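Below you'll find the structure, written out as structure tokens, and then a few comments.
Just so it is clear, none of the values below were taken in a lab; they were calculated from the coordinates. In this text, all values refer to a predicted model and were calculated from it rather than measured experimentally. Heads up, the Cβs are rebuilt from the backbone with ideal geometry, glycines too, and the neighbour counts pull from every protein chain shown.
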Amino acid sequence: MKILVINSGSSSLKYQILEMENESCLVKGLVERIGEQESDIEQESEGKEYKNITKIKDHEEALKKAMELITDPEYGCLKELGEIDAVGHRVVHGGEEFFSSVLIDEEVIKAIEDNAELAPLHNPPNLMGIKAAKKLLPKVPQVAVFDTSFHHSMPEKAYMYGLPYELYQKYKIRRYGFHGTSHRYVSKKASEILKKDMKELKMITAHLGNGASLAAIDRGKVIDTSMGFTPLEGLIMGTRSGDIDPGIVLFLTRKGYSVDEADDLLNKRSGVYGLSEMSNDMRDIRKGIENGDKKAKLAYDVYVYRLAKYIGSYITVLKGLDALVFTAGVGENDEHVRMDVCNYLDFFGVKIDKEKNTLLNRKEGIISTSDSDVGILIVKTDEELMIAQDTKRIFKKFQNVAKKIEV
Ligand SMILES: Nc1ncnc2c1ncn2[C@@H]1O[C@H](COP(=O)(O)OP(=O)(O)O)[C@@H](O)[C@H]1O
Ligand SMILES: CC(=O)OP(=O)(O)O
Ligand SMILES: [Mg+2]
């Protein structure tokens, strides 16, 4: 069974085809800078690499181009698109309606449209991807996998803000949490690596990519997470501020910032990038620190401090901790961040093994000392595999129902 996984961003479209017999990736591609004069296209399939720069006007054209490349005799992996059995889409905001992945029908599309207001940067491109795929593969079942759904188990006390209750009723203002597919995948993988049932574990998963979030997971269920109503809250990120005093936004608007300017400032010009005045990328920050750049060091210190502070508060709400899991670009590849965060947590019995931390960098496994009270792990996230697994499960269910109806 072959599944196409689509992750549409505001100006990009990432795709993969997975062969579900052995869960292997047959092809992986990326179209970036959609809508600009020059868009980048990259695809890799079994060692064959394709790269090109051309104008791609919208998501439909991007997906069309991807479909051509997938079936290209030289660079592709399929003879024809008919080999695709199902499509799985990443959808960032599922609002309060969706607490698991679903087969996409008109009603689901309508609900995703309704939630677009809650995630203006993410849901509209997700919808464009869904509509383009439905047009190009009209007979193939499509599944939506939501970033928010794994966080649905959060109790009211964790998801309500200290705002008038009527704002929750009127506008659904509450914490939703994001990156749920990644938190779900790495927590499951960590319990396998630790050879312990999820029901025995109190866990904190740290998804540290360009966007970053933490989840406190109590015996398999999320009880708190650092992103909120939008993916702007919480940790310091590549270009996003994370937590700030909301009074700062009021102050800036009184100083003449428009809503769009404030949005741009907090989402695209803040975080590690804003503090360092240099880059959102931890690799550049490391180089800056090595060259004695003071702002790079400051950005790094603020990033690590915020992370440690959040982990400490999650150990409190979990009433203990069995496992701390690092994942995504920074979590998997940056041994300094892992080391420096864990050094803050020594008091809680979190002891990182310096050698294992270096040895397992960019790999997967346990990096705590044998006498640490808490298992510390690196797990490589694989949101696409999780989306494909959900899509397969829902596709099988759908097939069984269709068979029953035929009988
Ligand atoms: N070798 C590395 N060392 C340190 N940080 C890295 C390394 N490779 C990637 N990163 C960090 O990971 C980030 C990208 O993470 P990723 O999970 O791929 O992000 P996203 O999926 O949000 O685009 C980069 O911006 C960079 O900060
Ligand atoms: C929801 C979110 O922040 O996603 P990303 O990290 O992919 O931007
Ligand atoms: Mg990511």
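Cα to Cα, under 18 Å, and not fewer than 8 places away if on the same chain: which lysines meet these conditions relative to residue 287?
295, 297
For the stretch 2-146, just say rounded, prolate or oblate: build the C-alpha gyration tensor, square-root its eigenvalues into a ≥ b ≥ c, call rounded for a/c under 1.5, and beyond that prolate if a/b exceeds b/c, oblate if not.
Values: a/c = 2.08, a/b = 1.33, b/c = 1.56.
Oblate, because a/c is 1.5 or more while a/b does not exceed b/c.
Which entries in 189/380; 110/134; 48/380; 363/392 show an alpha-carbon gap greater than 18 Å? Provide the component values of the computation, followed by the final result.
Details: 189/380 9 Å; 110/134 14 Å; 48/380 24 Å; 363/392 27 Å.
Long pairs (Cα-Cα over 18 Å): 48/380; 363/392.
Relative contact order for the stretch 2-146 using alpha-carbon pairs under 8 Å, separation at least 6, rounded to a whole percent?
25
If you take the square roots of the eigenvalues of the alpha-carbon gyration tensor of the stretch 109-170 and sort them as a ≥ b ≥ c, do you get rounded (a/c under 1.5), prolate (a/b over b/c) or oblate? Can you show the working numbers first?
Details: a/c = 3.48, a/b = 2.21, b/c = 1.58.
Because a/c hits 1.5 or more and a/b exceeds b/c, the stretch 109-170 counts as prolate.
Estimate the FRET efficiency between residue 339 and residue 268 by the formula 1/(1 + (r/R0)^6), using the beta-carbon distance for r and 35 Å for R0, to the nearest 0.05.
Plugging the Cβ-Cβ distance into 1/(1 + (r/R0)^6) gives 0.75.
With contacts defined as alpha carbon pairs under 8 Å and 6 or more residues apart, what's the relative contact order of the chain in percent?
Numbers: 824 pairs, mean separation 54.9, N = 407.
Reported as a whole number, the value is 13 percent.
For residue 255, give me every one of the lysines with a C-alpha distance below 21 angstrom, ignoring sequence neighbours fewer than eight places off in its own chain.
Within reach: 268.
Mind listing P(r) for the chain? All alpha-carbon pairs, 20 Å bins, whole percents.
25, 58, 16, 0
Report the full-extension gain for the segment residue 153 to residue 23: residue separation times 0.36 nm, less the Cα-Cα distance, to one decimal in nm.
That pair, residue 153 and residue 23, stretches by 44.0 nm at full extension.
Rounded to the nearest 0.05, what FRET efficiency do residue 397 and residue 257 give with R0 = 56 Å and r taken as the Cβ-Cβ distance? Could you check?
For residue 397 and residue 257, the calculated efficiency is 0.70.
Give me D for the stretch 1-71 in µm² s⁻¹, whole number, from Stokes-Einstein with Rh from the Kirkwood sum over alpha-carbon pairs, 4 °C and 1.567 mPa s.
The estimated diffusion coefficient comes to 106 µm²/s.
Please identify every one of the trypsin sites (Lys or Arg not before Pro) in the stretch 56-92 that sits in a loop by DSSP and has no more than 11 other beta carbons within 10 Å of its own beta carbon.
Hits after loop and neighbour filter: 57, 79.
Among 292, 76, 180, which one shows the highest mean-square fluctuation when the chain is modelled as a Gaussian network with alpha-carbon springs under 10 Å?
292
With a ≥ b ≥ c the root eigenvalues of the C-alpha gyration tensor of the stretch 273-407, is it rounded (a/c under 1.5), prolate (a/b larger than b/c) or oblate? Walk me through the numbers before you get to the answer.
Working: a/c = 2.55, a/b = 1.76, b/c = 1.45.
Note, shape of the stretch 273-407 comes out prolate.
Which whole-angstrom value gives the distance between the alpha carbon centres of the stretch 368-385 and the stretch 85-119?
30
Test of understanding: in a Gaussian network model of the chain with alpha carbons linked when under 10 Å, which of 101, 279, 187 would top the mean-square fluctuation ranking?
Among 101, 279, 187, the largest mean-square fluctuation in the Gaussian network model of the chain belongs to 279.
Residues of the stretch 26-42 with amide nitrogen under 15 Å from the 7 Å Cα-to-Cβ point of residue 64?
35
Choose one answer from 391, 205, 54: the residue with the largest mean-square fluctuation in a GNM of the chain with alpha-carbon springs under 10 Å.
Of the options given, 54 has the highest mean-square fluctuation.
Mind checking the stretch 116-203 for trypsin sites (Lys or Arg not before Pro) that DSSP puts in a loop (not H, G, I, E or B) and that have at most 11 other Cβ atoms within 10 Å?
Loop-located and lightly packed - 139, 195.
For the stretch 222-299, what is the relative contact order in percent, using Cα pairs closer than 8 Å and at least 6 residues apart in sequence? Walk me through the numbers before you get to the answer.
On the way: 94 pairs, mean separation 19.4, N = 78.
Computed over the stretch 222-299, the figure is 25 percent.
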